[in-house]
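These notes are about the structure you will find just below.
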Amino acid sequence: MTDFTKLIEGYRRFHDNYFVADEQLFAELSQGQKPSTLVIACSDSRVDPAIVMDCKPGDLFVVRNVANLVPPYEKGGGYHGVSAALEFAVRALKVEHIIVLGHRQCGGIKALFEGIPDSMESEFIGPWVNMARRAADRVRADYPDSSADEKLCECEMGGIIVSLENLRTFPWIQSGLNEGTLKLHGWYFDIVSGEMRAYDDNTLTFNTLS
Ligand SMILES: [Zn+2]
């Protein structure tokens with residue numbers, strides 16, 4: 001069976017086992033969405049937020065991109081895909097939580113920290129991940145003696161912190177934080193151990209979710 005055939009058969013199972021079986025949920029969802037949480041996750045195929053958080057359709061509004069990055073608030077030119085999704089989630093859907101979901105073994109963060117391999121032709125990844133270069137700079141300054149793997153893990157967590165910092169540059173996110181209607185969360189999924197860690201902005205550490 002090819003991978004693509006697997007997708008068609010997967011759709012059929014979804015239709016029969018979920019769409020038809022959970023008639024009430026999908027009837028409600030056909031009236032509109034009201035997710036309470038926006039997730040900014042990596043495009044990595046191994047870290048699907050709905051699966052990792054065991055959610056149903058309608059639970060999460062999701063943006064996925066290389067290295068789960070949020071750009072700073074900028075009005076000028078360009079196609080602001082992440083900012084448009086943030087705007088819709090926060091201003092129209094009025095989500096109560098934003099989770100930046102990073103992960104171990106992130107290829108985007110590796111490209112940021114170690115550069116893009118010569119063997120790979122790339123036009124867009126370098127400038128995109130460079131948005132989080134201050135995370136890489138912090139790791140180089142703070143963890144000079146750590147192993148390559150430890151540095152990458154620290155940079156992955158640092159990238160989450162950069163995204164959290166950039167989220168605060170959006171005025172309507174900052175006002176939601178000030179009014180207490182919105183909360184920001186940084187989560188780090190360790191794809192090796194299965195552990196999820198959450199950022200504590202009081203202690204400035206990532207702690208295992210229990
Ligand atoms: Zn990634």
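Overview of values
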quantity: Cut-off 14 Å between beta-carbons: net charge of the residues surrounding Ala21, Lys and Arg +1, Asp and Glu -1; calculated: 0
quantity: The stretch 83-94 - phi-based ³J(HN,Hα) in whole Hz, Karplus 6.51/-1.76/1.60, Gly and Pro as x; calculated: 5, 5, 5, 4, 4, 5, 5, 7, 8, 9, 7, 6
quantity: Share of carbon and sulfur in the accessible heavy-atom surface of the chain [1.4 Å probe, %]; calculated: 52 percent
quantity: Around Ser146: net Lys/Arg minus Asp/Glu count, Cβ-Cβ under 11 Å; calculated: -3
quantity: Whole-number accessible area per residue in Å² for the chain, which is evaluated in the context of all protein chains at 1.4 Å; calculated: 59 Å²
quantity: Total lysine pairs under 18 Å (Cα atoms) in the chain, excluding pairs fewer than 8 apart on one chain; calculated: 5
quantity: Net charge, Pro57 excluded, C-beta distance under 11 Å - Lys, Arg +1, Asp, Glu -1; calculated: -2
quantity: MRE, 222 nm, helices only [DSSP H, n ≥ 4, -39500 (n - 2.57), over the chain, to nearest 500]; calculated: -11000 deg cm²/dmol
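The values are calculated or read from the model by the stated rules, or taken from the named source; none is laboratory data. Keep in mind that what you see is a predicted model, and the values were worked out from it rather than measured. As a convention, Cβ positions derive from the backbone with ideal geometry for all residues, glycine included, and neighbour counts pool all protein chains shown. Keep in mind that these areas ignore ligands, DNA and RNA; they rest on the heavy atoms of the full protein, side chains included. Shrake-Rupley method; radii C 1.70, N 1.55, O 1.52, S 1.80 Å.
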